[in-house]
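What follows is a set of notes on a single structure, which appears directly below.
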Ligand code: ATP
Ligand code: MG
Ligand code: MG
Ligand code: MG
């Protein structure tokens, strides 16, 4: 089943069951606490918090999501993309646990010719939160899942919360057993590659009290109305329904891998290392297109930096595979044509998306030349001094003058057998941000805000490099 059909079926199923279909919001979150939208519920936050009345008591959507923290997993696990689509159904004080579990089970297991996804019920495993006896009872008694396929997981996996104070509640996840070729048996509690998580059902039922972190907080009591927030990864379901090994081999991404193969001559399946590169390229090019499509432009800060980092990593991996010239135009063409079927705005906006991406590629190819010289010199200096750690100021310089994302510096240093002083790099980045803020304040008030400089100096202590960094900052 094609990705586009998975999406259509999702929306149709929930629409037929009284949900209002809401189009995906932009990846640029309308929320000052978030850079990019990481989950389907984000556009509905004001409804859950009771700040705005929802358009209907039940809604459904397929939301574009970007999760930057998953970048390191891409291509290495079988199931993490930086961009993915989260299919969701939501209830604002309408149905609760029982309704959510029944709907999910019906859609996943009803036959494909009846509008469902036709998954084998015996391959589905459930996790519930440690003390959520009610969810276990529903899965077993109402839905009919045998007890052996229901497992309990703790707070870090199966408990959700948002803000302090704010709503919180247990989750229950549906996982699919991909079989022994993906590892030993034992259920999702012991093996998350074999028993891949596909759908998370969040039961928002309590009010969360003070407390730090994800795990250490009090529960104050029940919420006035209980809500449902669910998210199913479209690419993960596509991986199962299309019978492929990982999400990068599903229909919308495999074509990008094939294009990268055509451009580099490196076949998919030739070696584990080059396969990771090909998967990174496919994922990152798609994410870049979706970000630019929603109006992000490459830069050294915030969302612009997320895009720059992801796009440069894709280009760099193409070079590792042997590409020497520009590659973005051809890769992007495939992404836009494929994703354009579900997101037609990519097609109408094609020229702008291409223009932005090509300009970034040109800038990066130039930067790679200049940056590689600086890096090589720094590597030689470090090695000849008997060191094994590239100083943080070199990583900062590469970032500041050539736009080298830190992971690019890390990778290139590692190729030469060196690690990087990441803490030093981050400290300098922080100092630079503080300086930019001070500059902005000075512009506003018309005079230098010495107080802010004082703070930076106090926080950083005296180092030689600060003077140099100030010069750099002020001369630009
Ligand atoms: P995992 O444990 O596999 O990292 P998660 O628990 O972080 O997933 P949730 O926050 O529960 O994921 O998101 C809901 C669903 O979205 C998941 O069940 C999964 O199907 C999908 N999903 C989450 N992260 C990704 C990703 N990086 N790429 C593709 N799909 C994802
Ligand atoms: Mg995760
Ligand atoms: Mg999980
Ligand atoms: Mg989850």
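None of the figures in this text is laboratory data; all of them are computed from the coordinates on show. Everything numeric here is computed off the predicted structure, so don't read it as measured data. Here Cβ is always computed from backbone atoms with ideal geometry, including for glycine, and neighbour counts include all displayed protein chains.
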**Message:** Cα atoms only: what Rg and Dmax, in Å, come out for region 227-293?
**Reply:** 13.7, 51
**Asked** What is the Å³ per residue value for the convex hull set by the Cα atoms of the chain?
**Response** 181 Å³
**Prompt:** If the chain between residue 164 and residue 8 were fully stretched, how many nm would it gain, using 0.36 nm times the residue separation less the Cα-Cα distance?
**Reply:** 52.5 nm
**Asked** What ranking of 127, 348 emerges when the number of other C-beta atoms within 10 Å of each C-beta is taken as an exposure proxy, fewest first?
**Response** 348, 127
**Message:** Please list, short to long, the whole-number percent of alpha-carbon pairs of region 214-349 in consecutive 5 angstrom bins beginning at zero.
**Reply:** 2, 9, 16, 18, 17, 13, 8, 6, 5, 3, 2, 1, 0
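Step by step: find N for region 1-128, compute 2.2 N^0.38 Å, then divide the Cα radius of gyration by it. What's the final number?
Values: Rg = 15.7 Å, N = 128, 2.2 N^0.38 = 13.9 Å.
Ratio of Rg to 2.2 N^0.38 Å for region 1-128: 1.13.
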**Request:** For region 289-430, take the alpha-carbon Rg, divide it by the Kirkwood Rh, and send me Rg/Rh.
**Result:** 1.04
**Item:** Computed log₁₀ I(q)/I(0) - Debye formula, equal Cα scatterers, no solvent, region 3-241, q 0.11, 0.12, 0.16, 0.17 Å⁻¹
**Value:** -0.55, -0.66, -1.28, -1.48
**Request:** Apply 1/(1 + (r/R0)^6) to the Cβ-Cβ distance of residue 389 and residue 441, taking R0 = 45 Å, and write down the FRET efficiency to the nearest 0.05.
**Result:** 0.80
**Asked** Under the Kirkwood approximation applied to all pairs of distinct alpha-carbon atoms, what is the hydrodynamic radius of region 109-209 in Å?
**Response** 14.5 Å
**Request:** Would you mind checking the tilt of helix 450-460 against the longest principal axis of the Cα atoms of the chain, expressed as 0 to 90 degrees and rounded to 10?
**Result:** 80 degrees
**Request:** For residue 182 and residue 112, calculate 0.36 nm times their separation in residues minus their Cα-Cα distance, and state this gained length in nm to one decimal.
**Result:** 22.7 nm
**Asked** Roughly what angle does helix 302-320 make with the longest principal axis of the chain, taking Cα atoms, 0 to 90 degrees, to the nearest 10?
**Response** 80 degrees
**Fill in**
Rounded to 0.05, the calculated FRET efficiency for the beta carbons of residue 34 and residue 122 at R₀ = 30 Å is 0.20
**Label-point gap, in nm, between residue 26 and residue 76 - each point 7 angstrom along Cα→Cβ** = 3.3 nm
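Quick one: if the Förster radius is 56 Å, what FRET efficiency do residue 192 and residue 401 give, using the C-beta to C-beta distance and rounding to 0.05? Don't skip to the end; give the middle numbers.
On the way: r = 41 Å, r/R0 = 0.74.
Once rounded, the FRET efficiency stands at 0.85.
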**Complete:** Measuring from the longest principal axis of the C-alpha atoms of the chain, the long axis of helix 97-109 (C-alpha) lies at a number of degrees, nearest 10, equal to 90 degrees
**Asked** Gain in length, residue 134 to residue 422, computed as 0.36 nm per residue apart minus the alpha-carbon separation, to one decimal in nm?
**Response** 99.1 nm
**Asked** How far is the Cα center of region 157-184 from the Cα center of region 410-425, in Å?
**Response** 34 Å
**Asked** Taking the highest mean first, how do the peptides 32-43, 166-177 order by number of other beta carbon atoms within 10 angstrom per residue?
**Response** 166-177, 32-43
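Mean shadow of region 135-278, computed from the convex hull of its alpha carbons, in nm²? Before the final figure, lay out each step's value.
Details: hull surface 46.4 nm².
Average of the hull's projected areas for region 135-278 equals 11.6 nm².
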**Request:** Starting from the Cα of residue 345, move 7 Å in the Cα-to-Cβ direction to define the label point; list residues of region 291-307 whose amide nitrogen is under 11 Å from there.
**Result:** 291-296
